[in-house]
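Chemist: Here's a structure for you.
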Amino acid sequence: MTNTIKFMKRIFLILLLTSISSRLWATIKLPALVGDNMVLQRDAKINLWGWADPGENVYIQFRGKHFQTKTDKDGKWTLVLPPFSYGGPYQMVIKGKNSITLQNILVGDVWLASGQSNMEWVLNTTNNSEKEIQTANFPQIRLFNVVKKFAFQPDQDIKSNGWTECTPETVKFFSAVAFLYGRELYKHYNVPIGLIESAWGGTPAQAWTSKESLKPLPAFSKLAEEVSRVHMTEFDAFKKKKETWMQLYGAVDRGRLPGQMEWSDVNLNTSDWLTMKQPCKWSDFKDLKAYSGIIWFRKEVEIPSEAAGKPMELNLGIILLSDSVFFNGQLVGSGSGFEKKRQYQVPASLVKTGRNLIAVRVKGMGDYSGILGPEADMYIQAGGNKIPLAGDWLYKTGPDISGMPYDALFSTVNPFGPQTSTLIFNSMIAPLIPYSIKGVIWYQGEANADGMEGAQQYYTLFPAMINDWRQRWGYNFPFLYVQLAGFQPDKTEPADYPWARLREAQFKTLALPNTGMATAIDIGEEYNIHPRNKQDVAHRLALTAEKIAYNENVVYSGPTVKGINIEGDKIRLTFENVGSGLWAKDKYGYLRGFAISGEDKKFTWAKAYQDGNDVVVYSESIKKPVAVRYDWGNSPDGNLYNKEELPALPFRTDDW
């Protein structure tokens, strides 16, 4: 009898566990995108998916219609709903062995907003932010924010708190460009708008592109293949070791040890110090092995006798993150942040004839640490003498980094903002597919424009990324993007710049069908990579959408160079997208921003005047001109617009 009872108890336990297991597996799971408050794309096939038991039947009820499918062997199910006209709110019921009811669903236009920090830039930090937030009550606009995450292989789902109605509270820390763009479309078309923000500051385009699409691009293919073989557990183990080391030693500063000579002292023995060319972003300097913390720099300069005993001005450009600057052992200033150039006054009492010492203690954090900016920003102004400071500097790290954990592959993956090929695509784009969207708005390029090589790569990389996304979604949705705003100073004479090249790469990408570009060349800030005027950016994107995505007959672009005709010692330029006509945005009617060159390929600033809807460019110093450039710089000041107040796109007529 006892054995029978034990046997029956065992059978009961097995049945109970089987029942619990069945219920756990049978629970339908939905991706983060499919939930309450979501917006479904109108007038298009609607893709829905999720997970349940292998072979389980799944039913969906929506707007009076019923749909059915079955999960595959891995337990995933997909359903394609037919197109619906806009409207709502609606309810959706999804049934398997359990039932889920989704509430407050709208059908309208869904836009994916992606890119780096200028797309991520929140409404709370833009111009007129207080009023923009207070008036942001739009129940028909829905917001969805993808949580930052990277992955070595494509993820099945993203992290998010789900869809929310647009209110002053929910929009405050949402993408300013995305919200302002969506608001303009909503007011213009009066249809529900869904905005999916998937953006991460400091990330380059290759991080948003799949491994397969990077294969034909030699600059990225090898690393993309390598990281695809990495498992997150391996990286997490390395990251933990690195973090442990940083906690133990990262804050050590051997340059300020008690009882020892400080590293700003003019008499310090520097025979074991190494050399680094300045300016330099530390992540580009391989000898640092991806270290970011305290580093000391020293440089000796020769001061002429006529400048001795007189106050001087010490200029070091932009320094990230913070700095303390010494002249002949004495502190002359300190600063922090990335929006202000470092300019320090050196008292006359410290300045002597001959050898003088500059020491700089820099505390960095993350991938963009270092003494940055153009070489021209590093100099001493001593009366009439301008002494350049760019070039070789001695350096030594605060802690001894010889024992710091280092892996050449893992150290390209910065835990503060992944910049490695494919990692963001895997985690923040792939899991969004195939959710039906109207199109994409994109604001990125700064991270690829920090050198001429990166800018040149963008000519092929950017179109490859767009084609990659479209191929995976299965249709050529409108892809609208922002051309880089003005940033960083320009040289006094015409020159070539990575930022100018990258803008040209963006312009040339318009050769892809169903693309549009909103230029921001005139609304940047010379010393702020994050201009606060996001309203004009969003408005220009919305105009582009009206033309490209909604097929309206609107003036959506500034003048675009169409042709060049050499007329003796002058060059005549013709334009498209002139709208109601060309306009020189200057009370005197003068045109600025043009440079001209002869066959020697040396550009000089040119004079230009408007002739109807043409522009004539010339220079008295060039008798046989062959090429023209316009707004070819970092922060150019060209003033050619159309009468709709849209700026002319930067261009060059040469291919040098």
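The values are calculated or read from the model by the stated rules, or taken from the named source; none is laboratory data. For clarity, every value in this text was computed on a predicted model and none was experimentally measured. Glycine gets a Cβ as well: all are built from the backbone with ideal geometry, and neighbour counts include every protein chain shown.
Chemist: Out of Leu357, Leu316, Leu331, which single residue is more than 35 Å from the chain's Cα centre (by Cα), assigned to a strand (DSSP E or B), of a type in the set (A, V, I, L, M, F, W, C) and surrounded by 15 or more Cβ atoms within 10 Å (Cβ to Cβ)?
Modeler: When all the criteria are applied, what remains is Leu357.
Chemist: In addition: When you go through Tyr435, Tyr459, Tyr481 one by one, which is the residue that is surrounded by 21 or more Cβ atoms within 10 Å (Cβ to Cβ), more than 16 Å from the chain's Cα centre (by Cα) and either among the hydroxyl-bearing types (Ser, Thr, Tyr) or part of a strand (DSSP E or B) (or both)?
Modeler: Matching residue, one of Tyr435, Tyr459, Tyr481: Tyr435.
Chemist: While we're looking at this one, here's another question. Assess whether Asn613 counts as being in the same structural domain as Ile571 (by TED's automatic domain parsing) and over 27 Å from Asp450 (Cβ atoms).
Modeler: yes
Chemist: Here is a further query. Please state which one of Phe326, Phe338 is of a type in the set (Phe, Trp, Tyr) and in a strand (DSSP E or B).
Modeler: Phe326
Chemist: Take the range 199-238 and flag every residue that is assigned to a helix (DSSP H, G or I), of a type in the set (Val, Ile, Thr) and in contact with a Ser or Thr (Cβ under 9 Å, 6 or more places away or on another chain).
Modeler: The one that is assigned to a helix (DSSP H, G or I), of a type in the set (Val, Ile, Thr) and in contact with a Ser or Thr (Cβ under 9 Å, 6 or more places away or on another chain): Val227.
Chemist: Do the conditions hold for Gly55, that is, is it part of a strand (DSSP E or B) and among the small types (Gly, Ala, Ser)? Spell out the reasoning first.
Modeler: On the way: part of a strand (DSSP E or B): no; among the small types (Gly, Ala, Ser): yes.
Against the criterion (part of a strand (DSSP E or B) and among the small types (Gly, Ala, Ser)), Gly55 does not qualify.
Chemist: Looking at Gly255, is it touching a Ser or Thr at 6+ places or on another chain (Cβ under 8 Å) and farther than 30 Å from Met452 by Cα?
Modeler: Taking the combined requirement at face value, the residue satisfies it.
Chemist: Something else about it: Given (1) surrounded by 16 or more Cβ atoms within 10 Å (Cβ to Cβ); (2) closer than 13 Å to Leu573 by Cβ; (3) of a type in the set (Phe, Trp, Tyr), identify the lone condition not met by Phe603.
Modeler: Every condition holds for Phe603 apart from (2).
Chemist: Which residues, counting only those in the range 506-521, are crowded, with 22+ Cβ neighbours inside 10 Å and not polar (S, T, N, Q)?
Modeler: Gly516, Met517, Ala518, Ala520, Ile521
Chemist: How many residues does the range 438-451 contain that are modelled with pLDDT of 95 or more, of a type outside the set (D, E, K, R) and more than 12 Å from the chain's Cα centre (by Cα)?
Modeler: Total satisfying the criteria: 3.
Chemist: If you take the residues in the range 334-354 that are surrounded by 14 or more Cβ atoms within 10 Å (Cβ to Cβ) and in contact (Cβ under 8 Å) with a residue 60 or more places away in the chain, which one is nearest to Pro489 (Cα to Cα)?
Modeler: Selected residue: Lys341.
Chemist: Another question, then. For the range 509-537, how many residues meet the condition of being closer than 16 Å to Pro478 by Cα and in a helix (DSSP H, G or I)?
Modeler: 3
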